[in-house]
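Remarks on the structure that follows.
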Amino acid sequence: MKNQMILICCLLGALILGLASCEGDQGPIGPVGPVGPNGPMGELGTQHCMECHGSSQLITAKMYQYEHSVHATGGNNNHNATNCAICHTSQGFLERIATGAVVTAAPINDPLPQNCYTCHQIHRTYSEADWGFTQTQPVTLWVGGQTLDFGKANLCISCHQSRTYTPALLNPSTASNSDTVNITNARYGPHHGPQGVMLPGLNGYEVAGPLPYENSAHTALLANNIKNACIVCHMGAAQAAESGGHTFRVISELDVINTAACVECHPVANDVKALVVDRQGQIDARLAELKALLVARGRLDPVTDLAKPGKFVGHEAGALFNYKFVSEDKSRGVHNFKYANALLVNSIAALQ
Ligand code: HEC
Ligand code: HEC
Ligand code: HEC
Ligand code: HEC
Ligand code: HEC
Ligand code: HEC
């Protein structure tokens with residue numbers, strides 16, 4: 001490359017000299033001007049590009065998996081109001097991590113879904129260090145206020161946590177039928193991604209009932225910074241673009257569990273598959289039972305699965321909240337079976 005440049009310079013030089021000599025009486029060429037400043041990347045930057053943009057297919061492989069993830073395909077990056085863009089757009093997320101605010105200053109132009117730049121520090125130093133994460137700090141939950149340190153998964157729970165909601169729930173140990181919660185928004189509840197709250201077993205409506213509020217083994221073993229929580233199960237060894245790695249999927253679209261992500265603790269693949277089927281079956285049945293009770297009381301729309309605004313008495317608002325919390329967690333009990341199950345069983349008892 002360098003040799004070619006010298007060659008081109010020599011040829012150009014000869015041409016200019018040749019032309020100059022034809023013109024006759026021009027003076028000799030002046031002194032060489034000062035060297036211009038280096039571009040913003042400098043020499044160091046250009047050298048390090050190859051760490052990522054070499055021929056290893058590293059970016060291509062992660063890109064391939066990512067393109068099959070719901071982060072890329074879900075289409076919900078169109079939720080661009082200032083209080084939605086903080087989780088639903090890449091630029092809005094980076095803005096709120098920088099400002100600490102819970103809204104963006106304005107809707108985002110060209111809103112992008114979660115992508116390489118959302119989670120990694122791409123092109124900040126132009127070296128391999130840029131695989132570092134954009135958000136590594138422990139997360140103080142917006143609802144409940146507890147601070148969680150999930151290691152690498154602090155990134156995930158910055159978005160996969162409960163959204164704020166009003167009005168507040170009643171105190172489950174004192175609520176009586178003369179107390180009401182006036183729900184005006186049909187979307188009342190923790191919103192669609194409360195996984196970061198379910199795994200550690202927090203902030204459900206803990207009404208007393210037949211079951212104690214305990215956590216499953218996953219809470220102690222995975223909801224901490226040693227095991228990186230979410231990442232262990234959702235980013236296990238990639239199975240092409242079906243599950244694992246940057247697909248962020250545990251179970252493929254064809255319903256196959258990536259047992260490579262479980263093997264360290266569940267050595268027999270068929271056993272863990274059976275465990276999932278059993279626990280998900282139990283949670284599905286209890287969700288259906290609680291839904292029927294809420295619908296019968298006119299508190300839940302059976303078609304949209306949203307709240308029917310109005311004055312909820314006693315434990316009704318809490319039971320609705322628990323129904324939304326467990327169903328929106330979407331693991332159907334895998335994240336924290338004991339906690340999810342107790343919320344449902346006790347809510348059912350409270351409404352009967
Ligand atoms: C930490 C790894 C890493 C390093 C080092 C790196 N890049 Fe990138 N680069 C990426 C990733 C990841 C993307 C995004 C890929 C995509 O979205 O298609 C990207 C995208 C690009 C693009 C596509 C346009 C864009 O901006 O999205 C260009 C051009 C580029 N890089 C040039 C460079 C140059 C030049 C250097 C060195 C000065 C460099 N990169 C260093 C990881 C890196
Ligand atoms: C910037 C916010 C943000 C971050 C950071 C984030 N997510 Fe997400 N995640 C979302 C949003 C929003 C969706 C829904 C995307 C859509 O439907 O368009 C989603 C979707 C998902 C889905 C698919 C959900 C479904 O219904 O199929 C999984 C699984 C997931 N995220 C896991 C993770 C994991 C694991 C991490 C950490 C490595 C993470 N997410 C980091 C916001 C985020
Ligand atoms: C705390 C971060 C956060 C905020 C703030 C937030 N969302 Fe979400 N939202 C998520 C996550 C995470 C998901 C994906 C959950 C999943 O699929 O498991 C999601 C999913 C959704 C979905 C898809 C639901 C589905 O089942 O496909 C819609 C619609 C949505 N959000 C609308 C909104 C709107 C509108 C706002 C603003 C009023 C908003 N969200 C604010 C995190 C957030
Ligand atoms: C939602 C957040 C998220 C997004 C989006 C994301 N990554 Fe990652 N990435 C992670 C996490 C978390 C890890 C660590 C996984 C682990 O430890 O097993 C990681 C690891 C990596 C690694 C390994 C880094 C190392 O130090 O060896 C590479 C390379 C990588 N990602 C590239 C990409 C590229 C390229 C894109 C865009 C196509 C991308 N990532 C998008 C969260 C994300
Ligand atoms: C013990 C392994 C495990 C851990 C840890 C874990 N998940 Fe999951 N997660 C699952 C399984 C299994 C499902 C159910 C997948 C299904 O039924 O399609 C699931 C479902 C989900 C879903 C619904 C979309 C989907 O892929 O089906 C999201 C979003 C999600 N988890 C996010 C998270 C987040 C965020 C964390 C960290 C707070 C986390 N998970 C921790 C195993 C795990
Ligand atoms: C860090 C260790 C660890 C990992 C990783 C792990 N598990 Fe577990 N899991 C356990 C332990 C310990 C138990 C409790 C003992 C038992 O029931 O086998 C358990 C229990 C369960 C249960 C029953 C929950 C209950 O309380 O009844 C399910 C379902 C489950 N695991 C699914 C999974 C799936 C699916 C994966 C992989 C995607 C996974 N686990 C990954 C440690 C782990």
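Miscellaneous remarks
- Filtered residue count, the range 126-147, keeping only those that are touching a residue at least 40 places away in the same chain (Cβ under 8 Å), over 15 Å from the mean Cα position of the chain (by Cα) and outside any helix (DSSP H, G or I): 6
- Pair list, Cβ < 7 Å and 6+ apart or interchain, from the range 155-174 residues that are under 30 Å from His246 (Cβ atoms) to residues that are part of a loop (DSSP other than H, G, I, E, B) and of a type in the set (S, T, N, Q): Leu155/Gln135; Ser158/Gln135; Ser162/Asn203
- Scanning the range 195-228 for residues that are at pLDDT 95 or above, within 9 Å of ligand 5 (Cβ to nearest atom) and within 18 Å of Ser158 (Cβ to Cβ) yields Gln195, Gly196, Val197, Met198, Leu199, Pro200.
- Matching entry among Ser127, Ser173 (being polar (S, T, N, Q) and more than 16 Å from ligand 1 (Cβ to nearest atom)): Ser173
- Filter result (within 14 Å of Val334 (Cα to Cα), within 22 Å of the chain's Cα centre (by Cα) and among the charged types (D, E, K, R)) within the range 241-298: Arg249
- Of everything listed in (1) more than 26 Å from Ala240 (Cα to Cα); (2) buried (at least 23 other Cβ atoms within 10 Å of the Cβ); (3) not aliphatic (A, V, I, L, M), the single unmet condition for His335 is (1).
- Long-range neighbours under 9 Å by Cβ, at least six apart or interchain, first residue closer than 19 Å to Asn154 by Cβ within the range 232-260, second at pLDDT below 95 and of a type in the set (S, T, N, Q): Met235/Asn228
- Among the residues of the range 311-331, just one is under 18 Å from Leu211 (Cα atoms) and either at pLDDT below 95 or in a loop (DSSP other than H, G, I, E, B) (or both), namely His315.
- Here is the figure for the range 62-105: residues that are near ligand 3 (Cβ under 8 Å from one of its atoms), surrounded by fewer than 18 Cβ atoms within 10 Å (Cβ to Cβ) and not aliphatic (A, V, I, L, M) total 4.
The values are calculated or read from the model by the stated rules, or taken from the named source; none is laboratory data. Every value quoted in this text rests on a predicted model; they were computed, and no experiment measured them. As a convention, Cβ positions derive from the backbone with ideal geometry for all residues, glycine included, and neighbour counts pool all protein chains shown.
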